[in-house]
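Inspection log for the structure reproduced underneath, given as structure tokens.
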Amino acid sequence: MTDYKVKLLTLCRIISGIPVSKDSLSGSVSGDNRPLLDLLQYHQVAALAYYYRKPLADTGVHFDPETLANLKSYTLLNISRVMVYEHYLKHLDDLMQSYSVDYRLLKGIVTAKSVYPEDYLRAFGDADILIRPENLKTVEALLEKDSFKHADDLYRVFPDEIIQKYSFAQHFLRSEPNNVAVDLHLNMSSRLHPFQFDSDDFWDSSISFQLDGHELKTFDPEHQGVYAIYHAFKHYFFKLIWFIDAFLLLDRADLDRRKFQALIKKYKLSKLLNYYASITLELFGRLPAVIGDYRIEDREAHSLINSQAILSGFLPYSPSRARLLLPMYYLKGPFVRFGFLWRQLFPPMETVRDFYVGKNSGKGVFRYAKLRCKAISDLCLNKTKEEYSS
């Protein structure tokens with residue numbers, strides 16, 4: 001195991017509370033820190049590394065002065081970001097109430113406030129907000145009046161009816177008087193994702209939490225835990241911060257095991273949970289409390305995605321190939337998997353009209369044919385690491 005993998009793995013074990021000795025992990029714990037700093041930032045755990053620098057040093061993991069200075073700077077940046085978002089979310093709550101818009105906060109600052117030893121340890125770059133689809137135009141106008149602009153992303157080109165129909169997230173940015181980003185979610189997952197959630201179920205599970213005197217709303221610990229596992233899958237599992245989020249959420253003493261298990265069954269996430277549990281055990285040395293006695297099934301079929309690949313920060317698939325192949329490991333039953341793959345390669349006519357040949361798509365049938373050929377090529381060709389990095 002390389003030097004930086006040892007250090008990242010040691011950090012995971014310290015977070016989980018597993019005793020770590022200098023000899024318990026194989027590999028060197030000295031050498032060049034430059035690739036490690038890049039990985040800590042990539043995995044969004046630089047502030048965690050600085051916070052746990054003394055326990056890390058006790059296990060023989062040391063950072064040179066320059067790296068420590070960089071980690072401290074990153075930590076101070078996180079602290080300032082939390083302060084900015086706390087201030088803005090209180091302002092946004094007042095705006096939402098003035099327009100009688102019901103909403104829920106997701107991920108990011110909610111997770112930071114709920115389960116991390118200090119809120120600044122959970123790096124985040126935006127505020128994720130769930131709204132009802134019928135409130136989209138109202139909230140868009142509200143944000144634009146508050147100096148926000150649509151971010152330049154894939155979904156900006158689609159009209160509102162397509163955004164609502166497929167539950168696409170909307171991304172907004174504001175640079176003045178401070179840098180704030182807001183992601184508007186109409187559902188817990190896009191209609192095009194392999195796993196679909198019952199939004200009413202999440203809305204009905206709402207709980208309140210305090211943010212500097214303001215009472216805001218999010219979801220109960222069980223729904224947060226289920227969504228954290230899904231969110232890690234959605235991004236192909238390739239950042240440690242998503243595993244740490246899920247681990248800390250599922251390790252909460254107030255989490256109802258039966259309710260969590262019922263949600264896993266309801267949303268048919270058992271195979272995904274098995275995969276998550278297997279990698280979590282490799283990373284953290286134990287499973288979180290809610291699945292502490294979980295029996296992990298054999299997962300040879302997913303051997304390309306493992307703790308070592310995650311620690312390296314390298315995705316063994318291209319993103320387009322990952323979108324096609326990874327759900328094949330997690331969906332239950334051959335007919336379900338085949339149906340998903342078929343829909344990805346050859347979407348239903350309704351989807352083709354909406355995105356490729358409809359009046360609002362501006363792409364045309366030749367563009368559609370080109371993308372279908374690319375999808376089949378991504379599925380059949382396994383590119384090398386050098387091709388990905390280029």
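None of the figures in this text is laboratory data; all of them are computed from the coordinates on show. Computed from a predicted structure; not experimentally measured. Every residue, glycine as well, gets a Cβ built from its backbone with ideal geometry; the counts of neighbours run over all protein chains shown.
Measuring between alpha carbons in the structure, the pairs from 113/149; 217/259; 113/265; 107/271; 107/234; 149/217 lying more than 18 angstrom apart are 113/149; 217/259; 113/265; 107/271; 149/217. Which FRET efficiency, nearest 0.05, do residue 87 and residue 138 yield, Cβ-Cβ r, R0 22 Å? For R0 = 22 Å, the calculated efficiency reads 0.45. For the stretch 3-314, the relative contact order is 17 percent, taking Cα pairs closer than 8 Å that sit 6 or more residues apart in sequence and dividing their mean separation by the residue count.
Here, the stretch 3-314 is characterised by an Rg to Rh ratio of 0.97, where Rg is the alpha-carbon radius of gyration and Rh the Kirkwood radius.
Which of the peptides 47-55, 12-20, 207-215 is most tightly packed, and how do the rest follow, judged by the mean count of other Cβ atoms within 10 Å per residue?
Going from most to least packed, we get 47-55, 12-20, 207-215.
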